[in-house]
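Asks: After the structure tokens below, expect a handful of questions from me.
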Amino acid sequence: MDFKKAVSIADKIYWVGMLLENDPFQCLPYFIENGDESILIDPGSMLEFEAVMEKVSQITDVKNIKYIILHHQDPDLCASVPEIEKRIGRDDLQIVTHSRMTVLIKHYKVTSSYYEIDKQEFKLTLKSGLELQFITTPYCHSPGAFVTYEPKSKVLFSSDIFGGLEESWEFYAKDNYFEQAKAFHSAYMPSKDIFNYALRKIEQLDINLIAPQHGSIIERKYVYNLIEDMKNLECGLYIDNKYNDELIDTINQLEEKEKELEDYKKHLEQKVKSKTYSLEETNSKLKAEQLKLNKFNKYLSELNSVDVSFLANNAVKQVLDITDSQVGIFYINDENDELKTLAKYSIDENLLEESYFDASPDGIVKKAHESGEWIYVDGISENVAITIDLGLYKAKLQHIKAIPLVFQKKRIGVILVASVSSTLFDESYLRGYINSLVQSLSNAISYIETQKSSIALQNANMELEESNRLKSEFLANMSHELRTPLNSIIGFSNILQKNKKENLLEKQLSQLEKINRNGLNLLDLINNILDLSKIESGKMELDIRKIDLVSTVNTTLELIMPQASNSKKRLSFSNKLAKNIYYYETDEQKFKQIIINLVSNAIKFVESATGEIKVSLIEDKGMLKVLVTDNGIGIAEDKIEYIFGAFQQSDGSTTRKYGGTGLGLAISKSMAEMLGGYIDVESKLDVGSTFALCLPTKDVSEINSSRNSLEQIKSKIKSFPKIESILIIDDTQDVIELLKEYLSDGGYKIYTATNGEDGLKLAHSIRPSLITLDIMMPNMNGWEILKRLKTSTQTSDIPVVMISNISDKNKSIKLGAIDSIVKPFSKDDIKSIVSNYFQDEKNLKKVLIVDDELDVRELIQEYIEDDMREIQNACDGREALEIIENGFIPDIIYLDLMMPNLSGFDFLEIIKSNKKLENTNIIVVSAKELTNEDKEILSRTNVSVVRKGSNIESIIKDFAKGIDG
């Protein structure tokens with residue numbers, strides 16, 4: 001056994017002493033491990049101090065010791081306690097001992113508080129559930145001595161009892177232990193009687209192990225024989241008579257106490273017997289109360305309603321039942337604060353037809369209602385009492401009760417009951433019911449009031465919705481009426497500024513520039529006011545789509561670049577994202593508008609020539625940010641909080657000097673919040689500002705290959721010469737025949753191959769204008785064929801389109817194809833490939849312009865007439881239909897939506913079934929503010945939409961040039 005370590009003697013119980021060779025009286029400290037409420041027992045003198053602390057530390061932190069048990073006051077138990085207190089360092093450390101020993105223990109300069117066992121019912125219960133029991137065992141010089149019993153492990157910590165040896169010490173006792181220990185007990189136990197007093201208490205315990213302070217640890221197999229042997233031991237050999245007498249006196253006192261306890265026990269038994277009879281009687285009463293409670297619960301269950309009349313009828317019947325009355329009336333306090341009869345009940349129904357019980361201002365009902373007090377009237381004279389027919393006989397109603405119904409000082413009504421006799425009833429029971437009744441009545445009345453308020457609110461909301469509808473209708477009409485003439489002003493002023501005939505003076509060109517600039521400003525103002533109105537009314541809708549961030553920001557800045565260039569201010573863009581390209585799901589138009597507003601703002605507040613605006617795209621702390629930095633006038637710190645308010649700038653002088661309405665930032669802030677983000681700003685006066693559009697990156701995904709595919713496809717538009725021949729490589733004959741059919745009207749030479757080897761040979765020999773290539777083929781698949789085509793100098797420049805059941809456009813583009821089509825495909829899919837990538841001699845197109853505004857028709861015609869074969873004009877949808885019926889089949893229709901006689905929407909509905917127009921491209925050019933519903937209608941008709949405004953010329957021209965006739 002390794003005595004340099006703590007020795008486990010039971011579950012979580014350890015010997016933590018110091019081994020002293022051949023010392024039979026060495027101290028044996030013990031430790032009970034119990035979390036932060038661990039217990040150290042009889043720690044010993046300073047000789048053992050370090051050894052004890054070391055062994056406890058092997059088990060747990062010494063700071064977990066909360067209790068130190070001292071079984072008596074000798075220095076071989078207590079001397080080290082002050083140093084142990086310091087080592088533990090806990091304010092809640094307690095010394096467990098008997099109150100007779102605390103005075104003696106204090107001499108060792110112990111500072112912790114005491115847990116005195118005789119004042120704590122001789123037990124200690126810890127929060128973990130561990131319980132210790134204490135038994136007094138006075139002996140020798142220590143009348144306050146005791147032992148400790150732990151019932152779970154059945155270990156007895158016995159102090160000096162069962163300890164002390166005349167021979168060398170052994171850790172566990174043997175069968176000769178009594179012979180080794182009897183000399184010590186004969187000497188130190190004061191008398192046989194006193195010793196037996198302690199032993200009798202101990203032998204009643206169920207003991208597995210005895211752990212003494214001195215001596216050896218005694219296992220269960222020796223415990224009870226040892227107790228019997230020690231009972232017969234003659235004691236007190238070295239104790240003087242006086243001290244022996246004191247101890248015997250103590251024993252006598254304890255025996256007297258035990259006799260008193262026995263007498264008290266008999267007294268308690270008699271008392272319990274008496275109480276048993278009383279409890280049986282009480283139990284009968286409780287059963288009766290339970291029946292009453294069940295009935296009361298039934299009453300309460302019937303209060304679960306919001307129908308006041310239902311509650312009133314039930315209440316009358318239940319109060320009659322509780323009070324054993326024969327007539328009951330329920331009076332309700334109406335909206336005019338007057339009492340009205342709401343419910344009544346009586347055995348004699350004829351009696352209820354009389355007016356006896358109407359509430360009169362001077363009556364008992366009114367008095368109870370106004371005072372809130374219960375009023376009882378008993379012994380009414382038979383001369384004035386009302387007669388009631390009870391069926392078998394008639395009687396006088398001589399007893400009346402008026403019960404006011406009040407909830408939280410709110411007067412609800414009164415219940416009046418009358419009876420022929422004065423009956424006993426439980427008033428507290430009735431009051432409990434009335435308290436529940438008034439709460440239910442209050443809830444029901446509140447519900448009715450809420451319903452009335454709800455109806456009123458619904459009516460108000462309907463009026464508000466109608467008002468909003470009229471407002472929206474007005475804004476839509478105003479949008480159209482204002483934007484249409486502005487479109488003409490902006491468009492024609494642009495055309496005149498070009499001065500094609502060179503007949504305008506410099507002054508006139510300057511005036512045109514002012515017309516154009518102010519027209520744009522007015523258009524921006526109209527757009528801002530409409531946007532602000534939609535935001536405030538909650539009518540602004542989101543159209544969430546995936547966008548290419550870098551491309552979108554570049555395109556947006558291209559729109560606003562002339563504004564910067566014309567005022568000689570530098571505008572630059574840098575992409576600082578961790579990876580080069582991101583796609584992001586958001587509302588593209590609102591994303592663009594916020595950037596335009598922020599950049600326009602920056603351009604406005606920087607100086608010409610030296611002004612610089614830098615736009616950058618970054619990702620920072622989980623946020624996607626578009627930063628707009630300028631070196632302009634800056635904003636004072638105390639003004640920043642105001643700049644996002646509608647119609648506000650940092651101060652009035654700013655508005656006068658730089659212009660603007662103060663709407664741009666307010667609208668941008670609201671739009672940013674709609675997109676799930678916000679706008680941040682940092683600024684220093686006279687240095688410049690940085691505005692940041694911050695959006696969460698949760699919807700951002702990097703798709704490098706998609707962007708590469710997109711850019712490569714864009715680069716190939718119209719990049720190949722006119723098609724002369726086409727090679728079809730496919731292992732399915734049906735597919736080959738279908739492709740030949742779709743391509744038959746193009747006048748092309750068609751070659752076919754059903755496997756990769758033949759296809760490669762034909763590609764090298766005939767060098768076709770286009771190759772269509774299946775992917776899933778035996779022996780050699782389409783990817784391998786494409787790879788060989790693109791690595792051969794003879795075939796690498798031949799455009800290839802992949803056609804297969806699997807869709808992998810990115811891989812197709814990466815390996816060198818110009819595009820891919822997924823089976824099943826249509827004739828339009830094939831024609832689209834031909835028209836998108838290959839040049840054609842038929843470049844001139846026929847155009848139909850449909851708009852009720854002559855200025856708009858002339859403006860669009862001015863934009864495109866140099867590139868078109870023939871242009872027809874119509875002032876509304878009806879005239880456009882006549883032109884088409886007369887044989888003019890346009891390649892492009894430019895269509896307004898809001899027109900008299902036949903609107904653009906109606907025109908689209910009529911022509912959608914006209915097969916002659918199935919290849920006609922339709923571009924909606926309108927000043928109307930499109931709702932999501934409008935967009936949904938237009939999306940079903942496969943049209944493109946251009947909003948009348950500052951960029952209409954370039955958009956219309958680009959669209960016209962991108963469509964083959």
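The values are calculated or read from the model by the stated rules, or taken from the named source; none is laboratory data. Because the structure is a prediction, the values reported are computed rather than measured. Note: ideal-geometry Cβ built from the backbone for every residue, glycine included; neighbour counts use all protein chains shown. These area figures cover heavy atoms from the full protein model, side chains too; ligands, DNA and RNA do not enter into them. Shrake-Rupley method; radii C 1.70, N 1.55, O 1.52, S 1.80 Å.
Asks: Given H placed on each backbone N at 1.01 Å, which residues far from ILE871 in sequence or on other chains put an amide H within less than 5 Å of it?
Replies: Hits under the 5 Å cutoff: VAL847.
Asks: Next up: Kindly state, as a whole number, the per residue volume in cubic angstrom of the convex hull around the alpha carbon atoms of segment 1-110.
Replies: Measuring per residue, one finds 100 Å³ for the Cα hull of segment 1-110.
Asks: For VAL924, what residues show an amide H to amide H distance below 5 Å, using hydrogens built from the backbone and excluding near sequence neighbours?
Replies: When sequence neighbours closer than 5 places are left aside, the close amide H contacts are LEU895, SER944, VAL945, VAL946.
Asks: So how far apart, in nm, are the two label points at ILE883 and LEU286 if each is 7 Å from Cα heading toward Cβ?
Replies: For ILE883 paired with LEU286, the spin-label model returns 9.9 nm.
Asks: Grab the other residues whose beta carbon is less than 12 angstrom from that of LYS266, score K and R as +1, D and E as -1, and report the net.
Replies: 0
Asks: Could you give me the ³J(HN,Hα) list for segment 929-940, computed from phi with Karplus coefficients 6.51, -1.76, 1.60 and θ = phi - 60°, whole Hz, x at Gly and Pro?
Replies: With coefficients 6.51, -1.76 and 1.60, one gets 7, 6, 8, 4, 5, 4, 4, 5, 4, 5, 5, 6 Hz.
Asks: How large is the dipole of segment 90-187 about the Cα centre if only Lys and Arg carry +1 and Asp and Glu carry -1, each at its Cβ, rounded to the nearest 20 debye?
Replies: About 360 debye.
Asks: In straight Cα distance, which lysines are under 23 Å from LYS271, not counting same-chain residues fewer than 8 positions off?
Replies: LYS257, LYS259, LYS285
Asks: While we're looking at this one, here's another question. Going by average Cβ density within 10 Å per residue, which order do the peptides 727-737, 188-198, 461-471 take, highest to lowest?
Replies: The densest-packed peptide leads the list: 188-198, 727-737, 461-471.
Asks: Still on this structure, I have one more. Please give the peptides 142-152, 171-181, 84-94, 899-909 ranked by average Cβ packing (other Cβ atoms within 10 Å per residue), highest first, as a rough proxy for protection.
Replies: 142-152, 899-909, 171-181, 84-94
Asks: If the reach is capped at under 21 angstrom between alpha carbons, list the lysines near LYS498, excluding any in the same chain fewer than eight residues apart.
Replies: Cross-link targets: LYS507, LYS514, LYS568, LYS948, LYS957, LYS961.
Asks: Net charge within 14 Å of THR423 by Cβ-Cβ distance, Lys/Arg positive one each and Asp/Glu negative one each, not counting THR423 itself?
Replies: -4
Asks: To continue, here is another question. If each residue of separation counts as 0.36 nm, what is the full-extension length gain between THR697 and LYS576 once their alpha-carbon separation is subtracted?
Replies: Computed gain between THR697 and LYS576 is 42.1 nm.
Asks: For the pair SER57 and LYS317, how long in nm is the line joining their label points, each one 7 Å along Cα→Cβ?
Replies: 8.3
Asks: Let me ask something else about it. No solvent, one uniform scatterer per C-alpha: report log10 I(q)/I(0) for segment 164-234 via the Debye equation at q = 0.20, 0.21, 0.27, 0.28 1/Å, two decimals.
Replies: Debye output, listed in q order: -0.84, -0.93, -1.47, -1.53.
Asks: Give me the 1.4 Å probe accessible area per residue for segment 177-220, excluding ligands and nucleic acids, in Å².
Replies: That works out to 32 Å² for each residue.
Asks: Also, quick follow-up: Consider a paramagnetic label point 7 Å from the Cα of GLU50 along Cα→Cβ; state which residues of segment 64-98 have an amide N under 13 Å from it.
Replies: So the set is empty, nothing qualifies.
Asks: Taking 0.36 nm per intervening residue step and subtracting the Cα-Cα distance, what contour gain separates LEU20 from SER153 on full extension?
Replies: Here the answer is 45.1 nm.
Asks: Modelling each spin label as a point 7 Å along the Cα-to-Cβ direction, I'd like the ASP36/HIS267 distance in nm, to one decimal.
Replies: Computed distance between label sites ASP36 and HIS267 equals 4.4 nm.
Asks: A follow-up question, please. Setting aside same-chain residues fewer than 8 positions from LYS4, which lysines have a Cα under 29 Å from its Cα?
Replies: LYS12, LYS55, LYS63, LYS66, LYS86, LYS152, LYS154, LYS174, LYS221
Asks: Using the Karplus equation 6.51 cos²θ - 1.76 cosθ + 1.60 (θ = phi - 60°), what ³J(HN,Hα) coupling, rounded to whole Hz, does each residue of segment 178-194 give in order, writing x for Gly and Pro?
Replies: These are the phi-based 3J(HN,Hα) values: 4, 5, 6, 9, 5, 4, 4, 5, 4, 7, 9, 6, x, 6, 5, 4, 5 Hz.
Asks: Okay, moving on. Listed here are the pairs LYS546/LYS845; LYS340/LYS409; LYS845/LYS935; LYS625/LYS684; LYS604/LYS845; which of them are more than 31 Å apart at the Cα?
Replies: As for pairs spanning more than 31 Å Cα to Cα, those are LYS546/LYS845; LYS604/LYS845.
Asks: Where Lys and Arg each count +1 and Asp and Glu each count -1, what net charge lies around SER440 among other residues with Cβ under 13 Å from its Cβ?
Replies: Result for the neighbourhood of SER440: -2.
Asks: Given the Cα-Cα distance of TYR642 and LEU504 and 0.36 nm per residue of separation, how much length would full extension add, in nm?
Replies: Residue separation times 0.36 nm, minus the Cα-Cα distance, leaves 45.1 nm.
Asks: Something else about it: Please give the FRET efficiency for LYS127 paired with ASP206, using the beta carbon to beta carbon distance and R0 = 25 Å, rounded to the nearest 0.05.
Replies: Computed FRET efficiency for LYS127 and ASP206 comes out at 0.50.
Asks: Would you please give the residues with an amide H less than 5 Å from that of ILE386, counting only those at least 5 places away or on a separate chain, with H modeled from the backbone geometry?
Replies: LEU397
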